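Worksheet for the structure shown next.
The values are calculated or read from the model by the stated rules, or taken from the named source; none is laboratory data. Everything quoted here is computed from the prediction, not taken from an experiment. Note that each Cβ is placed from the backbone with ideal geometry, even for glycine, and that neighbours are counted across all protein chains shown. Quick note on the areas: whole protein, heavy atoms, side chains included, nothing else; ligands and nucleic acids left out. Shrake-Rupley method; radii C 1.70, N 1.55, O 1.52, S 1.80 Å.
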Amino acid sequence: MNNLPFETWPYKAQTEFKHKVFQEYFNVWVKILGRYHRLNYMDCFAGCGAYKKNQTIHFGSPIIAAEIIKKNDKTATLVIIDTEKKDLDNIKKILDYRGLSALKVLYVNQDFDQSINEILDEIKDLAPTFFFIDPWGYSIRYSTLKRIMNNNRSEILLNFMFNAINRFLSLGSVEETTNNLFGSEEWKSILGKKGVERETALLSLYKSQLKKIAKFVLPCKVEFPGKKRTFYYLFHLTNHPKGCSIMKSCFAKYTFGRLEYLGERGSQLRLFEAIGETKIEDAKKHLTAKYNNSSKSFFEIIEENIDSTKYLENELSNALKKLESQGKIHIQRFPKTTEKTKRLRSSIKEEDLIHFNKYPVVKRKSLLYKTKVEYGNFTINHVLGCAHGCNYPCYARMLAIKYGQIKNYEDWMHPRVVANALELLDKEIPKYKKEIDFVHLSFTTDPFMYDMLNKRTYPHIKELTLKILEKLNSNGIKCTVLTKGLYPKVLASNRRFSKENEYGITLVSLNKSFKKDYEPYSSPFDLRIDHLKYLNDKGLKTWVSIEPYPTPNIVKQDLDKILGKISFVDKIIFGKMNYNVHSNKFSNNKQFYKECAEKVINFCNENGIKYHIKEGTPYSTDQTRIIFKEGN
Ligand SMILES: C[S@@+](CC[C@H](N)C(=O)[O-])C[C@H]1O[C@@H](n2cnc3c(N)ncnc32)[C@H](O)[C@@H]1O
């Protein structure tokens, strides 16, 4: 160790921190940007390249950068600048020693400011370039930083030597240098301030100046080891929110989640912080207050918070997930499912839309209409789309695509409520009242749609459905309801809803693997039945639609078992499966449905249940079509 072919400097804790952050971030930067571009790394105050602490060698910024470029096998040029020739020679020796001499390296033995300005004068289309500006003093010119950041793909990690600068400010005859440093004369108004107040004012002035030249500016305080005093601030400047977010996480990783390096003190303080309200709770309050009644993509949320709040990207994401699980926000994920397993995605990506106290909506010109469905009368579809992802296939979805209401399956999976549904009803109820026997909710969407990810009914859909039911009932109109979701208990309230309403569920199987393929995101079968049973037990009328019933080549199952589970209901509708290639291919299709229909009819007769067999299914008759008409 004593015979090293290069010089070393002593290694301090805060230098180690600086190197860790730089190493972590630069590695990601090289990986991401190096995918499509050749890169430059400019070490503007290179140092001697190596340090020693307790006989262990630690390498300096130019060597760390070279190692990362080699490890990632990327095309990059390293520009190593230092006014000390012997430091540059030392770096050359270290690169040789580490087997890194094959990299493209330019050594510049000149003043940083002069060399950078010369480079920028020469090169107009600079490749993505990372500038590490790590001086000992205050000789940085704002105008040079501005020139660097004029290039959209440049980034800077800058050491703002606060302690040196602060001391320097108190001396006389510094006006020109300080004006150059801040790019403004505003610092003069801060001279009268003292202590923390002065530090805060200087920091905020410098940050606001840097914000004029870079979209994202993030400082991290570094204290003197063992002292409660600021040594310097590391500033990260970038034009990309992702870059800022990643650097913030790097700072946090080595500062116990803070943006301050407090040396040993850091780990002790953490204990006290743990007692207060969590950062996630804080972030929840911040986000709901800032975005109330608006919709933002997660990317916009990162952009608008990453360098202006204390929260890390994963903290913002966790706060949003918490708000979602508490039903306080609605998140539209694009795409909604994972690519491979087709599970509902719980992560939040940049393109996802977050709705704060707001929901995706459509407007309609009319709502109430007469249905062609044989057992229906009037009907309402107050939601466009359905989140259940049915693959029978879903006839409603096929029609919506055909008529250009939605683009595709993914689009259909994002339900939008009809914003003017209640206003439309106010106009349409008086118009159709005399003609209406009853109103059905709904044939092309689900009025109590299940949100599988959050294991509950979509709150806004439920609320609108309840208001519609209430409005129709208060006008003396009975409703029939059909869902693959869960019925809310509030329907049992006689004050709000008519006892004449008839509540149904669709139930074509009890088989879980069939559900995964055919109606993956609808409510679980057993819960669906339980919620219906609750209404039945409260004396309300209930029914089940066993349609479209699958053939045995799709799922082998016992119809008796399904019937057995729903023997409490008042009415059953049974129908075959249409539009499904497998079902149509089943050779005994006709005979099979005949036997099923017989079974349903016998079961209903034995249990005093009314039934209707759908048109096209054996044993269908005209008489039972009026199953929901008054008196039936
Ligand atoms: C803090 S050290 C750099 C440490 C290095 N970045 C690291 O992490 O290992 C500062 C270096 O800047 C060099 N330096 C001082 N003034 C300079 C200037 N005007 N232009 C370029 N280099 C300068 C010094 O010679 C010294 O080697």
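Using a simple charge model, +1 on the beta-carbon of Lys and Arg, -1 on the beta-carbon of Asp and Glu, nothing else, what dipole does the chain show about its Cα centre, in debye to the nearest 20? The partial results should precede the final answer.
Numbers: 102 positive and 72 negative charges, 317 e Å.
Here the chain has a charge dipole of around 1520 debye.
How big is the antiparallel share of DSSP beta bridges in segment 6-157, given as a percent to the nearest 5? Spell out each step's value before the answer.
Values: 4 of 24 bridges.
About 15 percent, rounded to the nearest 5.
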DSSP-defined beta bridges in the chain - what % are antiparallel, rounded to 5: 40
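Using C-alpha positions alone, give me the convex hull volume of segment 265-405 per residue in cubic angstrom.
On the way: hull volume 25.1 nm³, N = 141.
Hull volume over Cα atoms, normalised by residue count, gives 178 Å³.
Quick check: from the Cα gyration tensor, does segment 1-92 come out rounded (a/c under 1.5), prolate or oblate?
In terms of gyration-tensor shape, prolate.
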Whether segment 111-181 is rounded, prolate or oblate, judged on the alpha carbon gyration tensor where a/c under 1.5 counts as rounded: prolate
Solvent-accessible area per residue, Å², over the chain with all protein chains present [probe radius 1.4 Å]: 47
Long-range HN-HN contacts of residue 108 with modeled amide H, under 5 Å: 80, 81, 82
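Can you pick out the pairs among 484/594; 296/349; 467/515; 12/279 whose Cα atoms lie more than 19 Å from each other?
On the way: 484/594 25 Å; 296/349 12 Å; 467/515 30 Å; 12/279 31 Å.
Table pairs above 19 Å Cα-Cα are 484/594; 467/515; 12/279.
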Cysteines not pairable in the chain (beta carbon separation under 4.7 Å absent): 44, 48, 220, 244, 250, 386, 479, 596, 604
Reciprocal mean inverse distance between Cα atoms of segment 9-273 - Kirkwood radius, Å: 19.1
474, 295, 366, ranked by accessible area, largest first (probe 1.4 Å): 474, 366, 295
Nearest-0.05 FRET efficiency for residue 293 and residue 164, computed from C-beta distance (R0 35 Å): 0.15
Student exercise, segment 397-497 dipole from Lys, Arg, Asp, Glu Cβ charges, in Debye to nearest 20: 220
Acute angle (nearest 10 degrees) that the helix 313-325 long axis makes with the longest principal axis of the chain, alpha-carbon atoms: 20
Residue 250 accessible area, 1.4 Å probe, all protein chains in place, Å² to nearest 10: 10
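So if each residue of separation counts as 0.36 nm, and I subtract the Cα-Cα distance between residue 36 and residue 114, what length gain in nm does that give? Numbers along the way, then the final one.
On the way: separation 78, 0.36 × 78 = 28.08 nm, distance 3.03 nm.
Value of the extension gain: 25.1 nm.
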Cβ-placed point charges (K, R +1; D, E -1), dipole of segment 434-572 about Cα centre in debye, nearest 20: 400
Shape of segment 158-277, Cα gyration tensor, a/c cut at 1.5: oblate
Cβ-derived FRET efficiency at R0 35 Å, residue 590 paired with residue 530, nearest 0.05: 0.50
Zero-based 5 Å bins, Cα pair distances in segment 279-354, whole percents: 3, 16, 28, 27, 15, 7, 3, 0
Additional length obtainable on full extension of the chain from residue 434 to residue 364, 0.36 nm per residue less Cα span: 22.9 nm
For residue 420, residues with placed amide H under 5 Å, excluding near neighbours: 364
Computed over segment 163-210, the ratio Rg/Rh where both radii use C-alpha atoms and Rh is Kirkwood: 0.91
Using alpha-carbon coordinates, inclination of helix 195-211 to the longest axis of the chain, degrees: 70
Kirkwood Rh in Å, taken over all unlike Cα pairs in the chain: 29.8
Karplus 3J(HN,Hα) series, Hz, for segment 116-123 with 6.51 cos²θ - 1.76 cosθ + 1.60 (x for Gly, Pro): 5, 5, 5, 4, 5, 5, 6, 9
Loop trypsin sites (Lys or Arg not before Pro), segment 537-575 (other Cβ atoms within 10 Å of the site Cβ: 16 or fewer; DSSP): 538, 556
Probe 1.4 Å, all protein chains present, accessible-area order of 9, 29, largest first: 9, 29
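Are there trypsin sites (Lys or Arg not before Pro) in segment 82-149 that DSSP puts in a loop and that have at most 16 other Cβ atoms within 10 Å, and which ones? All intermediate terms of the calculation are to be shown ahead of the outcome.
On the way: sites: 85, 86, 92, 93, 98, 104, 124, 141, 146, 147; in loops: 98, 124, 141.
When the trypsin sites (Lys or Arg not before Pro) of segment 82-149 are filtered for loop state and at most 16 Cβ neighbours within 10 Å, 98, 124 remain.
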Distant-in-sequence amide H partners of residue 52 (H built 1.01 Å from N, under 5 Å): 9, 11, 58
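Run the accessible area of the chain with a 1.4 Å probe and give the carbon-and-sulfur part as a rounded percent.
Values: 14880 of 29800 Å².
Ligands and nucleic acids excluded, carbon and sulfur reach 50 percent.
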Solvent-accessible surface ranking, highest first, for 395, 432, 593, 409 at 1.4 angstrom: 395, 409, 432, 593
Whole-angstrom gap from segment 247-265 to segment 49-94, using each part's C-alpha centre: 24
Accessible area (Å², 1.4 Å probe, nearest 10) - residue 208: 60
Residue-wise HN-Hα coupling along segment 616-632, computed from phi with Karplus coefficients 6.51, -1.76, 1.60 (Hz; x: Gly, Pro): x, 9, x, 6, 6, 10, 5, 4, 7, 4, 8, 3, 9, 5, 3, x, 9
Angle in degrees between helix 61-71 and the longest Cα principal axis of the chain, rounded to the nearest 10: 50
DSSP-loop GluC sites (Glu not before Pro) across segment 425-503, with at most 10 other Cβ within 10 angstrom: 435
